Amino acid sequence: MDTAHQNQTEIKPLYDGLLSVVVPCKDEEEMLPIFRDEFFKVVEAMGNPDFEIIFVEDGSKDATRDMLKKMSAEDPRIRYISFSRNFGKEAAMYAGLKAAKGDFITIMDADLQDPPSLLPEMFGAILGEGFDSVAARRKTREGEPPARTFCAKWFYKILNSLSPLKFTEGARDYRLMTREVLNAVLELPEYNRFIKGIYEWVGYKTKWIEYENVERAAGTTKWTFWGLAMYSLDALTSFSTIPLAIAAIIGILFCLLSTIAIVVLSIRQLIFHNSAYGWTSMICVIFFLSGLQLFCLGVLGQYMSKIYLETKHRPHYIIREKSK
Ligand code: UDP
Ligand code: MG
């Protein structure tokens, strides 16, 4: 009797309503069945509540699309969107979020580096503690190349000192949010998307959950060093205009310095007639200042390229095929 009662309480769904799970995937044929099985296990442990998985296939070169087609034909709770080419993870997440019908929405990677097993704890924070969203943060980056860890550390340091928003180091794109938060996120239709920044920008009460880094279950990372560097630059310019201010301040400082130099050198020439020496130092100064000018132009160019892309109003992605 006691066990029957226990079983009954165990199978009570953890939440009412629908959970949408957005999974961006590029070349993840190895991971898809592993991900599905792992996710189903977690769903079972949560008392089989309602859910939908939206796989967003982002221009894969392997059999990911065919597998998704098959998986979605087998199970109506599995939906998919397939892009016409690779548009990047940000575009894939955006497409998935727009397609989500759920009352609760989560984004997780297909490689199980965002463990679905954190979901019960995340729901606990939303349903029990009154949070609007729950974000996941890796405590360590073990298993990652040391160079990437080093760059990531510095990226967060620079980003945080330059942006009015606070970015958490080790933060993942993985989070569970309510429909209200998702609607706010979707209010930002910008072309240059950096979802971690968008989450911060929309605000709401967010709880951070820490977990040990999990290595990719199968397949390889889709990031190249160059890709990550460009993404970091995008993130920086998307959520901060301080680099522009720094360029302006450097300009003002050097104007002041050169005014002083003009006065000093003119006086020296007029009184002592000996200002024409120091070719080496002059060349150094010219090189330095030209470099600085190019740097400032580059900063300006970064913002200009953003404006250029935004004003084109191009779609974020092209859908080639989708389920239902
Ligand atoms: N991904 C994507 N489009 C891309 C690159 C990656 O949809 O252009 C997906 C990928 O399939 C995975 C997630 O984004 O589900 C994270 O990618 P990955 O594991 O390669 O990144 P890492 O964990 O190394 O940061
Ligand atoms: Mg990964």
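The values are calculated or read from the model by the stated rules, or taken from the named source; none is laboratory data. Only a predicted model underlies this, so the values are computations on that prediction, with no experimental measurement involved. A quick note on method: Cβ atoms are made from the backbone with ideal geometry, for glycine too, and the neighbour counts reach across all protein chains shown. SASA here: full protein model, heavy atoms, side chains in, ligands and nucleic acids out. Shrake-Rupley method; radii C 1.70, N 1.55, O 1.52, S 1.80 Å.
Assorted remarks:
- Residue that is nearest to ligand 1 (Cβ to nearest atom), among those in region 11-29 that are open to solvent by 10 Å² or more (accessible area, probe 1.4 Å) and either in a strand (DSSP E or B) or at pLDDT 95 or above (or both): P24
- Of the helices (runs of 4 or more DSSP H) lying entirely inside region 122-214, those containing at least 2 residues that are modelled with pLDDT under 85 span 146-162.
- Any hit, region 53-66, residues being among the hydrophobic types (A, V, I, L, M, F, W, C), modelled with pLDDT of 90 or more and part of a helix (DSSP H, G or I): no
- Search result, residues across region 90-109 that are within 11 Å of Y174 (Cα to Cα) and either within 11 Å of ligand 1 (Cβ to nearest atom) or not hydroxyl-bearing (S, T, Y) (or both): M93, I105, I107, M108, D109
- Failed criterion for Y94 (all others in (1) touching a helix residue (DSSP H, G or I) at 6+ places or on another chain (Cβ under 7 Å); (2) under 23 Å from D234 (Cβ atoms) hold): (1)
- From S133, S161, residue being more than 16 Å from ligand 1 (Cβ to nearest atom), of a type in the set (S, T, Y) and surrounded by fewer than 19 Cβ atoms within 10 Å (Cβ to Cβ): S161
- Subset of region 184-215 that is out of contact with any helix residue (DSSP H, G or I) (no Cβ under 8 Å at 6 or more places or on another chain) and within 16 Å of ligand 2 (Cβ to nearest atom) - its residue that is least open to solvent (accessible area, probe 1.4 Å): N213
For every residue, the table says whether it meets (1) under 30 Å from P115 (Cα atoms); (2) open to solvent by 60 Å² or more (accessible area, probe 1.4 Å); (3) more than 34 Å from the chain's Cα centre (by Cα).
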{"residue": "A218", "(1), (2), (3)": "yes, no, no"}
{"residue": "A235", "(1), (2), (3)": "yes, no, no"}
{"residue": "I250", "(1), (2), (3)": "no, no, no"}
{"residue": "L257", "(1), (2), (3)": "no, yes, yes"}
{"residue": "I262", "(1), (2), (3)": "no, yes, yes"}
{"residue": "R268", "(1), (2), (3)": "no, yes, yes"}
{"residue": "W279", "(1), (2), (3)": "no, yes, yes"}
{"residue": "M282", "(1), (2), (3)": "no, yes, yes"}
{"residue": "Y303", "(1), (2), (3)": "no, no, no"}
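- Complete set of residues in region 101-115 that are open to solvent by 10 Å² or more (accessible area, probe 1.4 Å) and more than 10 Å from ligand 2 (Cβ to nearest atom): K101, D103, F104, P115
- Residue in region 87-95 that is closer than 28 Å to Y317 by Cα, at pLDDT 90 or above and part of a loop (DSSP other than H, G, I, E, B) present: yes
- Y156 vs. criteria of a type in the set (F, W, Y), open to solvent by less than 40 Å² (accessible area, probe 1.4 Å) and closer than 17 Å to P24 by Cα: no
- The one condition from (1) more than 16 Å from ligand 1 (Cβ to nearest atom); (2) in contact (Cβ under 8 Å) with a residue 60 or more places away in the chain; (3) on the phi > 0 side of the Ramachandran plot that G219 does not meet is (1).
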